[in-house]
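Just below is one structure, and these are the notes that go with it.
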Amino acid sequence: MKDKILVTGGTGYIGSHTTVELQQAGYDVVIIDNLSNSNREVLDGIEAITGRRPAFVEGDCTDIETLRRLFKEHPGIKGIINFAASKAVGESVHKPLLYYRNNLDTLINLLELMPEAGVKGIVFSSSCTVYGEPDVNPIDETAPIKKATSPYGNTKQISEEIIMDYVASGAPIKSIILRYFNPIGAHPSALIGELPVGVPQNLVPYLTQTAAGIREQLTVFGNDYNTPDGSCIRDYIDVNDLARAHVTAMSRMLDNADTDPVEIFNLGTGRGVSVLELIEAFESATGVKVPYKIGARREGDIEKIWAQPTKANEVLGWTAEVPLTETMRNAWNWQQKLGK
Ligand code: UD1
């Protein structure tokens, strides 16, 4: 058995896929989640895939006493992956304090408790949103950080700074900051996937719900951008590939004494795909038509951004591998499993 890892937000979308990969790599996982945007049945899915049920604590990471108790009841945790955060850009504009409190209190509590609990490293979920609208694509980790366009984005920027300041102060911990591009898809078993609550804000869940007939029509937000087909371009990364990057990062952080105390990696495929291309990829992968119309631009959207993932490829030894068609099929299988 490898080290014991605490996965905060472990019943959520990326957290559940990462827990599967950690367990399959031999790690022992403890999950804490307040179930605000996920549910307990996700644990059944994880168990069905891996044959092991992770330890589960229902609790809120913004409460430091809950975390203190967790570290007492689960001694020997060596690493943390921090997924517990609010992530809806639009909502963050209307409820900024919720975002600052959830995202920052959680991180500060974890960092503060790490030394006394003997935890050596923390992997932090950041986002390509820290780059704003890039001057050049693909974008690498040395690109300037632009002023955040939402409180959500700002929590990611501030969190990165908090980690860097804490490590610079001599705290006996290490961190790997992972800047995700656009995670999509589901586990190939269709036993876990994304569980959007209410009307999905993100493209792929909206698309699969439309294909399933739950939504009438997908709206493409703008076709007058300065891109080949006029729709926005993103770097869509398969959630299973993304999950595997966390396992690699964890092992690098815990098993190598000589790595830098803070490292930052972009996690993307290196390929830009437009909204219209994504719809087409879904249709050709599944044979299912997606009714869509062209609508107005969505406020705050970035025109085009995709990753230069060379650093992750070379330093982490990780590469995104799942072809887009397979990702689309997994997303569709998961949607069909969810039903209407
Ligand atoms: C953004 C952030 C990302 C953040 C995520 C959280 C950037 C570059 N990305 O992703 O860091 O983690 O929000 O939610 O800031 N679209 C449609 N119709 C729809 C929905 C989306 O056309 O119904 C288009 C959008 O205009 C966009 C693309 O699909 O071009 C992807 O949108 P979405 O899935 O919401 O992700 P981002 O906004 O890129």
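The values are calculated or read from the model by the stated rules, or taken from the named source; none is laboratory data. Note that this is a predicted model, so its numbers are computed, not measured. In this analysis, Cβ positions are derived from the backbone assuming ideal geometry, glycine residues included, and neighbour counts consider all displayed protein chains. In case anyone asks, the SASA skips ligands and DNA or RNA and just uses the protein heavy atoms, side chains included. Shrake-Rupley method; radii C 1.70, N 1.55, O 1.52, S 1.80 Å.
So here's what we get for this one:
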| quantity | calculated |
| --- | --- |
| Eligible lysines near residue 289 by straight Cα distance, threshold 25 Å, same-chain separation 8 or greater | 337, 340 |
| Charge context of residue 66, other residues only, Cβ under 10 angstrom, K/R +1, D/E -1 | -2 |
| Whether segment 189-308 is rounded, prolate or oblate, judged on the alpha carbon gyration tensor where a/c under 1.5 counts as rounded | prolate |
| Spread of Cα-to-Cα distances over 20 Å intervals beginning at zero, given as percent, for the chain | 32, 61, 8 |
| Portion, in percent, of the accessible area of the chain that falls on carbon or sulfur, probe 1.4 Å | 49 |
| Relative contact order of segment 1-95, defined on C-alpha pairs under 8 angstrom at six or more residues apart (%) | 36 |
| From phi via Karplus (6.51, -1.76, 1.60), per-residue ³J(HN,Hα) for segment 243-248 in Hz, x at Gly/Pro | 4, 5, 4, 5, 5, 4 |
| Sequence-distant residues sharing a close amide H with residue 264 (under 5 Å, placed H) | 177 |
| Per residue accessible area in Å² of segment 214-340, where ligands, DNA and RNA are left out and the probe is 1.4 Å | 47 |
| Charged-residue dipole, Cβ positions (Lys, Arg, Asp, Glu), the chain about Cα centre, Debye nearest 20 | 540 |
| For segment 1-88: rounded, prolate or oblate by the Cα gyration tensor [a/c cutoff 1.5] | oblate |
| Charge tally in the Cβ shell below 12 Å around residue 317, where Lys, Arg are +1 and Asp, Glu are -1, residue 317 excluded | +2 |
| Å² per residue, accessible surface of segment 107-207 at 1.4 Å | 39 |
| For segment 86-161: rounded, prolate or oblate by the Cα gyration tensor [a/c cutoff 1.5] | oblate |
| Value of [θ]222 nm, deg cm²/dmol, for the chain, DSSP H segments ≥ 4, -39500 (n - 2.57) each, nearest 500 | -11500 deg cm²/dmol |
| Antiparallel %, DSSP beta bridges [both residues in the chain], to 5 | 5 |
